[in-house]
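Data first, discussion second: the structure below is written as structure tokens.
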Amino acid sequence: LILTVTLNPAVDHFVLSDHFTPAKLNRVKDLERHPGGKGINIAVMLAKMGVDVISTGFLNRSSSLFVQQYLRDNGVTTSFTHIADETRHNYFIIDEATGNLTVIDEEGPTVSKGEFNLFLQNYKSLLKRVNMVVIAGSNPRGVEDQDWCQLFEIANHLGVKTAVNVQEDKLMICLDKNPYLVLLDTRSSSEVLGKKIEKEVDQKQAACRIMGEKTLFSILTLDYQNYMVSTTEGCNEVNLSDMKNRNQMFSGDAMMAGLVYSLNRNDDVKEAVRWGGAVAIANSSNRIKFINSMDEVKPCLDKVSIREVQS
Amino acid sequence: LKVRDIMTRDLTAVHKDNTMREVVNILANQPYSGVPVIDEHNKVIGFISVKDVLMSEFPERISKIGTFKLQDFMNLARQLDYIGESKVVNFMSVNPITVTEDEPVRQVVDLVVDKGLKIIPVVRDGVLVGLVERIELCRAYMDNRMTADEL
């Protein structure tokens, strides 16, 4: 059983347009609404692969009916803490003619101390049911870094493995909490652990080795197709074929879902990376989100290449 | 049709250490009229409903006439200042009725009819795994997943 934490969930609106033009009246061709936030995305993909998964975090009452019903309909068990402030709404405007994507992200609600404490109480109970917790996505206002760190401390105390999807700004404090798996998106970072990195792959390899000294298992996202994987045994380059010119939204979440799926079966690191890559490739063939079943994932396992990097 | 086919896979609950003030906030922010009370092992040890909260203030009136007035709510708000820090275990229904995922839905229908229950916790080895809502029985019937005999 896996627990995913989404502290700042969203309702994602996907607006499909033929020719989206800013500052003009645009007719909507089609519109879809899905729950969003990294932890929720990962939970849905895990459930589609047949994993028992619980999703937790904060939801406002007005959004909770839609979000929770969607999750349950997709096989995810829900256990959210309800808050007074509004859940955020994000807008993804997809121009189908050009393939351009315009994203409008809302910051999200403010969580009070009382609401966070209620969440923590529930979180502790939920951890007693699971073998791994995935902590992913942004923090809402009111949840400070030290609050976020408590999620790792409690999981460590209860012997539950933590997997985290993190940006560079939170990497250091996260590594101090000994996470089991770290997925770091370096696409918009110029440094890793305070060391400036260039965009060349050899520089990324250096960053990967730095991570390798700090964690058991970490993955750096270089771009949608290329990843660096660091373990105690060394670095590996990972390439996903068949990703170009396809839907690249949520590929990081898909990668995490595949990794967690495989690690939950006690696979080794390379096998876990193969599954992560396969879910990312499978997910890229869907128009919006998510993969529909394991049948879409299995054929993609052969499209993941892993190459050991000599130090 | 089994309970697992109609249950809501939601673990909304309050913890035995929650105060009544926290319980009122939880009840106010979610769609159920009552929720299970669980212990540190996620086992269901009680049930607390909006009615239980109101009963804490007007037991006689509610048991006699089964309802309350606006003035009662205002009194309740004041009363919560007194009971707000008390633990939910002092106000919950103990020995709550629960069902398991493998039980036939017919069993739930009996409980709804005989006991007037609106929400029944679903447990596995005593641990909360979901809820059955009364409305889900109607939905199962409307969707032709359940026969009139079962209902």
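Against the numbered list (1) more than 17 Å from the chain's Cα centre (by Cα); (2) surrounded by 11 or more Cβ atoms within 10 Å (Cβ to Cβ); (3) at pLDDT 90 or above, residue B:48 comes up short only at (1).
Residue by residue through segment A:62-105, note down the ones that are buried (at least 16 other Cβ atoms within 10 Å of the Cβ), facing chain B (nearest Cβ under 9 Å), hydrophobic (A, V, I, L, M, F, W, C) and more than 17 Å from residue A:46 (Cα to Cα). Scanning segment A:62-105 gives A:80, A:83. In segment B:10-45, what residues are touching a Ser or Thr at 6+ places or on another chain (Cβ under 9 Å), facing chain A (nearest Cβ under 8 Å) and modelled with pLDDT under 90? Scanning segment B:10-45 gives B:26, B:29, B:30, B:31.
Here segment A:4-54 is the region considered, the condition is being within 13 Å of the chain's Cα centre (by Cα) and not in a helix (DSSP H, G or I), and the residue that is surrounded by the fewest Cβ atoms within 10 Å (Cβ to Cβ) is A:8. The residues of segment B:112-151 that are of a type in the set (A, V, I, L, M, F, W, C) and assigned to a loop (DSSP other than H, G, I, E, B), listed by number, are B:117, B:146, B:148, B:151.
Matching residues to (1) at pLDDT 85 or above; (2) more than 18 Å from residue B:45 (Cα to Cα):
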position	(1), (2)
B:98	yes, no
B:112	yes, yes
B:116	yes, yes
B:125	yes, no
B:135	yes, yes
B:146	no, yes
B:149	no, yes
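Residues are listed down the side, and each one gets a yes or a no for (1) among the β-branched types (Val, Ile, Thr); (2) touching a helix residue (DSSP H, G or I) at 6+ places or on another chain (Cβ under 8 Å):
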position: A:66; (1), (2): no, no
position: A:76; (1), (2): yes, yes
position: A:80; (1), (2): no, yes
position: A:93; (1), (2): yes, no
position: A:100; (1), (2): no, no
position: A:114; (1), (2): no, yes
position: A:123; (1), (2): no, yes
position: A:133; (1), (2): yes, yes
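With respect to the conditions (1) surrounded by fewer than 16 Cβ atoms within 10 Å (Cβ to Cβ); (2) away from every other protein chain (no Cβ under 14 Å), residue A:113 lacks only one, and its number is (2).
The values are calculated or read from the model by the stated rules, or taken from the named source; none is laboratory data. On a predicted model such as this, the values are computed, not experimentally measured, just so you know. Neighbour counts run over all protein chains shown; Cβ positions are idealised from the backbone, glycine included.
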